[in-house]
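A.B. asks: I am attaching a structure below and will ask some questions about it afterwards.
The values are calculated or read from the model by the stated rules, or taken from the named source; none is laboratory data. What you see is a predicted model; the values in this text were computed from it and never measured. Here the Cβ positions follow ideal geometry from the backbone for every residue, glycine too, while neighbour counts run over all protein chains shown. All accessible areas refer to the heavy atoms of the entire protein, side chains included, with ligands and DNA or RNA removed. Shrake-Rupley method; radii C 1.70, N 1.55, O 1.52, S 1.80 Å.
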Amino acid sequence: KGHVEVRNFSLSYETIDGAVEAVTDTQIHVRPGEFVSIVGPSGCGKSTLLNAVAGFLKPTTGTVTVDGELVKGPSAERGMVFQQYSLFPWKTVRENVEFGLKMRGMERSQRERAARTLLGLAGLEAFERHYPDRLSGGMKQRVGIVRALATGPKVLLLDEPFGALDAQTRVIMQQILTNMWQRLKISVLFVTHDIDEAIFLSDRVYCMTARPGSIKAEIPIPLERP
Ligand code: ADP
Ligand code: ADP
């Protein structure tokens, strides 16, 4: 599960100066359980493509499907992590993680168990009662990832999630993300402008050209994972 297919995709933004094509004639896929990155220069359309997979934007032409079903809007089956942490500051770490589950009507004890398991995988068990403003940037972003995973998505989408972090924290975060991906066996689509990061994390890397972005090359990573 979690097979993403993007076919003949293009997306233009309507602006006061007319239509601006951000992504043109693009094909990508993510196989179930695969970790795939998209790299490319700033402004090439990576976020646009990812937001269309998330269901926040509608393609101008082409299709986005997950397990053969057309994506028509956001859904809990596709968890999204943004560069900015976007946690609720008035909720504790665990409440932030449980929020989506509460919205879906899951009862308290079940919610707590689900949240604790994931927080444990992310090394955050000691911080469940903390408020986000007391956490470091790296920890906030871990909470963001755990929150996106809480509803049990088939696909995890990450938009430059470590872009605001220092180099040392990035390495820790990359390791944590790899561990969680291996444990949970879900598909991941990861957007970054950092080719090193993409190669370190991924099974396969798509390279996008400058705007209007289009995938022109694909790098399979043949290395065994640690
Ligand atoms: P990336 O994620 O690779 O940095 P984006 O997908 O954010 O690229 O942006 C691709 C192009 O689309 C850029 O030229 C950007 O200025 C333009 N763009 C993004 N969002 C909008 C918008 N809401 N309206 C108009 N143009 C936009
Ligand atoms: P950064 O502050 O660079 O984002 P981390 O978020 O990984 O780094 O950790 C911040 C501090 O919290 C570190 O000193 C780390 O040792 C400590 N820390 C991280 N995870 C835990 C944990 N699960 N239990 C106790 N301390 C932790």
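A.B. asks: Whenever you get a sec, compute what percent of the accessible area on region 129-179 sits on carbon and sulfur atoms (1.4 Å probe).
C.D. replies: C and S atoms contribute 47 percent here.
A.B. asks: Charges on Cβ only, +1 for Lys and Arg, -1 for Asp and Glu, centred on the Cα centroid of the chain; of Pro89, His130, Met208, which one is farthest towards the dipole's positive end?
C.D. replies: After comparing all options, I get His130.
A.B. asks: Please list 108-121, 19-32 highest first by mean number of surrounding beta-carbon atoms within 10 Å per residue.
C.D. replies: Top to bottom by mean Cβ count within 10 Å: 19-32, 108-121.
A.B. asks: Return the FRET efficiency for the residue pair Glu14, Arg116: r is the Cβ-Cβ distance, R0 is 30 Å, and the value is rounded to the nearest 0.05.
C.D. replies: 0.10
A.B. asks: Now for a separate question. With all protein chains present and a 1.4 Å probe, how do His130, His193 order by accessible area, largest first?
C.D. replies: Listed by decreasing accessible area, they come as His193, His130.
A.B. asks: Over the chain, with the other protein chains present, what is the accessible area per residue in square angstrom, probe 1.4 angstrom?
C.D. replies: 49 Å²
A.B. asks: Per DSSP helix of 4 or more residues, -39500 (n - 2.57); summed, then divided by the residues of the chain. What does that give at 222 nm, rounded to the nearest 500?
C.D. replies: When only DSSP H runs of four or more count, the value is -10000 deg cm²/dmol.
A.B. asks: Are there DSSP H segments in the chain that both extend 18 Å or more along their axis (alpha-carbon positions) and score a mean Kyte-Doolittle hydropathy of at least 0.0? List them, or say none.
C.D. replies: What comes out of the filter, once short or polar helices are dropped, is 137-150.
A.B. asks: Next question, about the same structure. Pairs of Cα atoms under 8 Å, at least six residues apart: use those to get the relative contact order of region 1-134, whole percent.
C.D. replies: That works out to 22 percent.
A.B. asks: Once the mean 1/r over all distinct Cα pairs of the chain is inverted, what Kirkwood radius in angstroms do you read off?
C.D. replies: 17.9 Å
A.B. asks: With only Lys, Arg, Asp and Glu charged, each at its Cβ (+1 for the first two, -1 for the last two), find how big the charge dipole of region 105-226 is about the Cα centre; round to the nearest 20 debye.
C.D. replies: My answer is approximately 460 debye.
A.B. asks: Which whole-number percentage describes the relative contact order of region 54-123, with Cα contacts under 8 Å and a sequence gap of 6 or more?
C.D. replies: This gives 22 percent for region 54-123.
A.B. asks: Before anything else, pin down the relative contact order of the chain: Cα pairs under 8 Å, at least 6 apart, normalised by residue count, whole percent.
C.D. replies: Value for the chain: 30 percent.
A.B. asks: Further question on the same structure: Tell me, Kirkwood radius of region 87-162 from alpha-carbon pair distances, in Å?
C.D. replies: It works out to 12.3 Å.
A.B. asks: A further question follows. Taking all protein chains as present, what is the carbon and sulfur share of the accessible area of region 8-90, in % to the nearest whole number, probe 1.4 Å?
C.D. replies: 55 percent
A.B. asks: Would you mind calculating the gained length between Leu184 and Lys72 on full extension (0.36 nm times residue separation, minus the Cα-Cα distance), in nm to one decimal?
C.D. replies: Length difference between fully extended and current span is 37.8 nm.
A.B. asks: Given Cβ point charges of +1 (Lys, Arg) and -1 (Asp, Glu) and nothing else, what value in debye, to the nearest 20, does the dipole of region 140-208 about its Cα centre take?
C.D. replies: 440 debye
A.B. asks: Is there a quick way to get the dipole size of the chain? I mean about its Cα centre, with the Cβ of Lys and Arg at +1 and of Asp and Glu at -1; what is the value in debye to the nearest 20?
C.D. replies: 840 debye
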